[in-house]
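Before any comments, here is the structure.
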Amino acid sequence: MVGSTPFATPVAAALFWAEREFPVFPWRLRDGQKIPCVKAWEQTATCDPDQIRRWWAEWPDAGVGSPPHRSGHFVLDVDNKGDKCGDLSLLQVEAESASLPETMETQTASGGRHLWFKGAARNSASKLGPGLDIRGEGGWAALPGSPGYALIRDTVPVSCEWFALKVQ
């Protein structure tokens with residue numbers, strides 16, 4: 001499934017991720033911003049298929065969001081839009097520390113990547129370098145099945161302790 005979106009509908013994607021124990025919630029674009037459709041999204045994100053079906057019945061074209069820390073993960077958001085070159089920053093971080101292990105990877109709508117890791121980290125913006133953001137506690141990430149998002153590497157997120165320490 002490299003670079004593909006194997007989901008017929010957004011609700012099918014939401015149910016797929018929930019089966020993998022990623023709590024989900026619906027989101028939509030408003031004025032170019034990703035906005036959750038539900039209040040208290042961090043607490044109400046769920047793996048309950050009945051709630052997921054109700055949400056996507058109300059917002060059938062909504063994207064699929066997930067607060068990574070709720071499933072025991074954090075996300076390295078590699079942003080390559082505008083003047084940001086997250087790929088170059090990531091190469092520099094890896095040269096200084098160690099290469100990242102292969103893990104679940106998704107393509108973002110803006111041409112960047114999300115690398116999913118098992119573990120805990122707090123949200124941060126460009127702390128590691130330009131174009132490298134962390135989505136963890138207090139944040140959320142869009143999942144494939146959302147408009148413009150696709151699976152690059154479909155595998156279980158792996159631990160990356162040295163990386164988690166660098167972002168604390």
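The values are calculated or read from the model by the stated rules, or taken from the named source; none is laboratory data. Please read all numbers here as calculations on a predicted model, not as lab measurements. No Cβ is skipped: glycine too gets one built from the backbone with ideal geometry, and neighbour counts run over all protein chains shown. Calculation scope for accessible area: heavy atoms of the full protein, side chains included, ligands and nucleic acids excluded. Shrake-Rupley method; radii C 1.70, N 1.55, O 1.52, S 1.80 Å.
Tabulated results
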{"item": "Single unsatisfied condition, residue 83 versus (1) part of a loop (DSSP other than H, G, I, E, B); (2) among the acidic types (Asp, Glu); (3) within 20 Å of residue 23 (Cα to Cα)", "result": "(3)"}
{"item": "Count of residues meeting criterion [small (Gly, Ala, Ser) and surrounded by fewer than 17 Cβ atoms within 10 Å (Cβ to Cβ)] in the range 41-72", "result": "2"}
{"item": "Enumeration of residues in the range 111-125 that are under 20 Å from residue 92 (Cα atoms) and open to solvent by 50 Å² or more (accessible area, probe 1.4 Å)", "result": "113, 125"}
{"item": "Selection within the range 17-60 - more than 18 Å from the chain's Cα centre (by Cα), among the charged types (D, E, K, R) and either modelled with pLDDT of 95 or more or closer than 21 Å to residue 123 by Cα (or both)", "result": "39, 48, 50, 53, 54, 58"}
{"item": "From the options 83, 79, residue that is within 23 Å of residue 28 (Cβ to Cβ) and either in contact (Cβ under 8 Å) with a residue 24 or more places away in the chain or surrounded by fewer than 18 Cβ atoms within 10 Å (Cβ to Cβ) (or both)", "result": "79"}
{"item": "Hits in the range 95-121 (condition: within 14 Å of residue 78 (Cβ to Cβ) and either in a loop (DSSP other than H, G, I, E, B) or out of contact with any strand residue (DSSP E or B) (no Cβ under 8 Å at 6 or more places or on another chain) (or both))", "result": "100, 103, 108, 109, 110, 111, 112"}
{"item": "Residue, surrounded by the fewest Cβ atoms within 10 Å (Cβ to Cβ), within the range 135-149, restricted to residues that are among the aliphatic types (A, V, I, L, M) and either part of a loop (DSSP other than H, G, I, E, B) or touching a Phe, Trp or Tyr at 6+ places or on another chain (Cβ under 6 Å) (or both)", "result": "142"}
{"item": "Filter pass, residue 102 being exposed (fewer than 14 other Cβ atoms within 10 Å of the Cβ) and without any contact (Cβ under 8 Å) to a residue 24 or more places away in the chain", "result": "no"}
{"item": "Any chance residue 91 is farther than 19 Å from residue 13 by Cβ, free of Cβ contacts under 8 Å to residues at least 24 places away in the same chain and either assigned to a strand (DSSP E or B) or not small (Gly, Ala, Ser) (or both)", "result": "yes"}
